[in-house]
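Below is one structure, written out as structure tokens; comments come after it.
The values are calculated or read from the model by the stated rules, or taken from the named source; none is laboratory data. If you're wondering where the values come from, they're calculated on a predicted model, not measured in any experiment. Note that we place each Cβ from the backbone using ideal geometry, even for glycine, and neighbour counts take in every protein chain shown. For the accessible areas, the whole protein counts, side chains as well, though only heavy atoms, and no ligand, DNA or RNA atoms are used. Shrake-Rupley method; radii C 1.70, N 1.55, O 1.52, S 1.80 Å.
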Amino acid sequence: MTHARLIVDLDALAANYRKFRDSASGGCAAVVKANAYGLGVEPVARRLAAEGCRQFFVATDAEGRELRRNLPDAGTFDIFVFSGVVEGRGLIPVVNHPDQMRTGPIALHVDTGMHRLGFDGLDAERIPADTEVRLLMTHLACADTPDHPLNEAQLERFEAFAARFPGVPKSIANSAAILTGVEGIGRPGIGLYGGNPFAAQENPMRCVATLEGEVLQVRQVRAGASVGYGASHVTKRDTTLAVVGIGYADGLPRALSNRGQSAFRTIRAPIIGRVSMDLTLVDVTDLPLVAPGDWIEFFGNSVGIDEVAAWADTISYEILTGVGNRVSRMYVP
């Protein structure tokens, strides 16, 4: 029996996909790497396929083969592999440098300013003329900050490279870039799963994932009592504590110790003491009666995932992909 669960709202996922699809000028793919950002690649990909998605991006060959097995009518979908190395049939490598070249079909990744993977301008001369280039793509370093000057510079470099491949479809736009009008095939990631695509704007996406822990015990402690490892919190009043069966082994960041928030029936309650491997303490003194068997939200509609990321000094991507394997996944509807 598990005491932590991740509830995935597939209708919200579909609504987010439709928002991107309606905004993308060249059609819309989906990034489902890392087990669909921790949500579960099979149910996520199947729902996206039902919404009309026909192009998917994964990080590795193994992810691509798993996705191929889980898609209905698998031969009708394009699965692109970011690493550029594929062994499974029916997968399209995203080729990042000349040593990965093959006749095709391939996607060609252009480095326009990230200085990670990708061809530069000189590498283009080493691409054989008979190569079947299915897609040209690049990745914007600062798409979450639309007015950043690097965005325009990268787009200019990409167009200069793409001029050598007339008629080949282009994919530039991640979640933020789709919503700010960058042209081409969109390939949303974090926005699909409810994270805010923007660094300093209100989140336009619907909440998809809710992480909850089950209350195992409710305790009454006096003012002046220390709680949890290291006695890092001392109660200032008589306090009602909920001991919740979720911890950092489940993906709840230890950095939330004494600073994060949770929610019970939409009402916020602070995390006190240190988050431990399997347990977390929540101050429920000011909440309606909480009892063993109740569930406490640690991110979702009441506690935003980007809030949690800020408290943990990280990003929503890491929070989602860090949800542990022992956390049960539940899908609604």
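Residues that are open to solvent by 10 Å² or more (accessible area, probe 1.4 Å), touching a helix residue (DSSP H, G or I) at 6+ places or on another chain (Cβ under 7 Å), under 18 Å from Gln217 (Cβ atoms) and among the acidic types (Asp, Glu) occur in region 277-292; there is at least one. Each residue in region 311-333 was checked for being open to solvent by less than 90 Å² (accessible area, probe 1.4 Å), over 10 Å from Gly38 (Cα atoms) and touching a helix residue (DSSP H, G or I) at 6+ places or on another chain (Cβ under 9 Å), and 7 of them qualify. For Val234, only one of the following conditions fails: (1) closer than 25 Å to Arg326 by Cα; (2) open to solvent by 40 Å² or more (accessible area, probe 1.4 Å). What is its number? Failed condition: (1). The one condition from (1) touching a residue at least 60 places away in the same chain (Cβ under 8 Å); (2) among the aliphatic types (A, V, I, L, M); (3) under 24 Å from Val8 (Cβ atoms); (4) open to solvent by less than 20 Å² (accessible area, probe 1.4 Å) that Ala249 does not meet is (4).
Restricted to region 54-75, and to residues that are among the aliphatic types (A, V, I, L, M) and not in a helix (DSSP H, G or I), which residue is farthest from the chain's Cα centre (by Cα)? Let's see the steps before the verdict.
Restricting attention to region 54-75, the residues satisfying the condition of being among the aliphatic types (A, V, I, L, M) are 58-59, 62, 67, 71, 74.
If we keep only those that are not in a helix (DSSP H, G or I) as well, we get 58-59, 71.
Working: Val58: 12, Ala59: 13, Leu71: 20 Å.
Looking at the filtered set, the residue picked out is Leu71.
Of everything in region 246-275 that is of a type in the set (Gly, Ala, Ser) and in a strand (DSSP E or B), the residue that is farthest from the chain's Cα centre (by Cα) is Ala269.
Cβ-Cβ contacts under 6 Å between residues 6 or more apart (or on different chains), taken from a first residue in region 101-127 that is over 17 Å from Ser171 (Cα atoms) to a second residue that is assigned to a loop (DSSP other than H, G, I, E, B) and open to solvent by 60 Å² or more (accessible area, probe 1.4 Å), are listed as Gly104/Glu132; Ala124/Arg164. Among the residues of region 217-231, just one is open to solvent by 60 Å² or more (accessible area, probe 1.4 Å) and in contact with a His (Cβ under 8 Å, 6 or more places away or on another chain), namely Ser226.
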